[in-house]
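The values are calculated or read from the model by the stated rules, or taken from the named source; none is laboratory data. In this text, all values refer to a predicted model and were calculated from it rather than measured experimentally. So basically every Cβ, Gly included, is an ideal-geometry build from the backbone, and we count neighbours across all protein chains shown. Surface accessibility is based on the protein's heavy atoms, side chains included, excluding ligands, DNA and RNA. Shrake-Rupley method; radii C 1.70, N 1.55, O 1.52, S 1.80 Å.
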Amino acid sequence: MTIETLMQTDAEHIRNVFGQYDIFAKKIEKRYGVSLVLRDGRIQIGGGKRAVARAKTVLNELLQLSLSGTMIEEQKVDYIMDMEDKGISVSIREVEEDLICHTVQGRPVKPKTLGQKQYVDAIRDRMIVFGIGPAGTGKTYLAMAMAITAFKREEVSRIILTRPAIEAGEKLGFLPGDLQSKVDPYLRPLYDALYQIMGAESFLKNMEKGLIEVAPLAYMRGRTLDNAYIILDEAQNTTQAQMKMFLTRIGFGSKVVITGDKTQKDLAEGTVSGLDMAERVLKGIDEISFQYLSSLDVVRHPLVQRIVKAYEDYESLHNNGSGHNRELHNRELHNRGASAFKADGRADAAKKRRNEGPVAKADGKADTVRSHSNERAHAFKTGSKIDIKKGHRSKGATYDPERNGKLNRGRFHGGSKTRKKGR
């Protein structure tokens, strides 16, 4: 068993690192199978050599965050452990030093993960940025913060926020009110972010002046957007024509951020998403950057991160799967098909034999009746002698053409040809 001791630390930072009721310390112990003991202001880590080394790395990172004045949250603890498990060396302290702006309540808006930091840096450096990732990764919120910061610094003259007005899986029918009232429900997430960062009063004042515009994507056709910060949200719900139309609206001095989650499409079945097509067509073009966020970058409630991760694993397993699993699956389907084919063949043969018996018998009877009919017709035409029922009728029963084909009956066994009158 290996025991490591961290540097002596103030009680304030120990409480920040361990969390309320030692909740963070318990998470670390459970994840790595180690024990954490606090003695004389020092943290002792006991356990296997590799487990102790990993736990020490996580605790050192958390201590550095606490010393920089950051309030440690469960999301940060989970993120640092996830990055350590993947063998990715990252300094959360350096990531969180990149302050974008403050909300009206004074809370700092800054990237919280390495993926978010790369996303923000791409927005600064490129003219068009695609932010693609699951829900809760801060795609829209960080883009709004960057847009408001640029607007306040007068780097752009206006902000334009847009998204396709598509219902999420259910038909709401006709909505009451004027045009703005009809589209507001679809744009509410953008309003919420603006209120938090800019404040309702400042937002409404700039909106009345036309400096901030929130509109559905359908209103973009025919416009040229110069010196503007443009954000297209929910881009996975655009069609190919809509995406091309939007990208060709960009004018001089403008910056564009396009966000979308390819796992949450509300398009009609069979419709190709404009985001998917843009990803295939525009990769490799200068001034266009594609940034990808994952479940590791989710900054909402920790349960949301686990939900997103569970869906990613499920879709990866069922949509892609390993080559070996696909081969076994195809082989099983092939064997099932061959067995079913053989069974169907045997069933068809048995059915054919069952059907052929009655048909053959019926055909035999039909041939016999047909043969007798032909013989009678021949006798009628030629007047030749024929037994009506062989072995049952007497001799001499013939057809007589002069009697219009009527039968000349011969003598029956035990009787005469004619009966005497009166008998």
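Give the residues of segment 1-23 that are within 15 Å of residue 57 (Cβ to Cβ) and either modelled with pLDDT of 85 or more or open to solvent by less than 20 Å² (accessible area, probe 1.4 Å) (or both), sorted by residue number. Those that are within 15 Å of residue 57 (Cβ to Cβ) and either modelled with pLDDT of 85 or more or open to solvent by less than 20 Å² (accessible area, probe 1.4 Å) (or both): 6, 17.
Here is a check on your reading of the model: is residue 213 within 22 Å of residue 104 (Cα to Cα) and modelled with pLDDT under 90?
Numbers: within 22 Å of residue 104 (Cα to Cα): yes; modelled with pLDDT under 90: yes.
Against the criterion (within 22 Å of residue 104 (Cα to Cα) and modelled with pLDDT under 90), residue 213 qualifies.
Exactly one residue out of 105, 118 is among the polar types (S, T, N, Q) and surrounded by 14 or more Cβ atoms within 10 Å (Cβ to Cβ), and it is 118. Only a single item in (1) surrounded by 15 or more Cβ atoms within 10 Å (Cβ to Cβ); (2) farther than 19 Å from residue 81 by Cβ; (3) not aromatic (Phe, Trp, Tyr) is not met by residue 42, and it is number (1).
Note on segment 196-232: residues that are more than 17 Å from residue 254 (Cα to Cα) and aromatic (Phe, Trp, Tyr) total 2. Listed by first and then second residue, the pairs linking a residue in segment 244-255 that is in contact (Cβ under 8 Å) with a residue 12 or more places away in the chain to a residue that is of a type in the set (Gly, Ala, Ser), with Cβ atoms under 7 Å apart and 6 or more places separating them unless they lie on different chains, are 254/228.
In summary, strands (runs of 3 or more DSSP E) completely within segment 198-260 and bearing 2 or more residues that are within 18 Å of residue 129 (Cβ to Cβ) and in contact with a Ser or Thr (Cβ under 7 Å, 6 or more places away or on another chain) occur at 228-232.
Among residues of segment 118-130 that are under 13 Å from residue 254 (Cα atoms), those with a Cβ under 8 angstrom from a residue that is polar (S, T, N, Q) and part of a loop (DSSP other than H, G, I, E, B), sequence gap 6+ or separate chain, pair up as 127/254.
Restricting segment 261-279 to residues that are under 30 Å from residue 155 (Cβ atoms) and either without any contact (Cβ under 8 Å) to a residue 12 or more places away in the chain or in a helix (DSSP H, G or I) (or both) leaves a set whose member that is most open to solvent (accessible area, probe 1.4 Å) is 279. The residue that is nearest to residue 75 (Cα to Cα), among those in segment 45-55 that are of a type outside the set (A, V, I, L, M, F, W, C) and buried (at least 18 other Cβ atoms within 10 Å of the Cβ), is 54. Quick check, is residue 358 modelled with pLDDT under 80 and surrounded by 13 or more Cβ atoms within 10 Å (Cβ to Cβ)? So residue 358 fails the test.
Scanning segment 280-308 for residues that are open to solvent by 30 Å² or more (accessible area, probe 1.4 Å) and among the charged types (D, E, K, R) yields 280, 283, 286, 287, 300, 306. The C-beta contact set for segment 68-96 (first residue without any contact (Cβ under 8 Å) to a residue 24 or more places away in the chain, second residue assigned to a loop (DSSP other than H, G, I, E, B), distance under 6 angstrom, 6+ apart or interchain) comprises 95/111.
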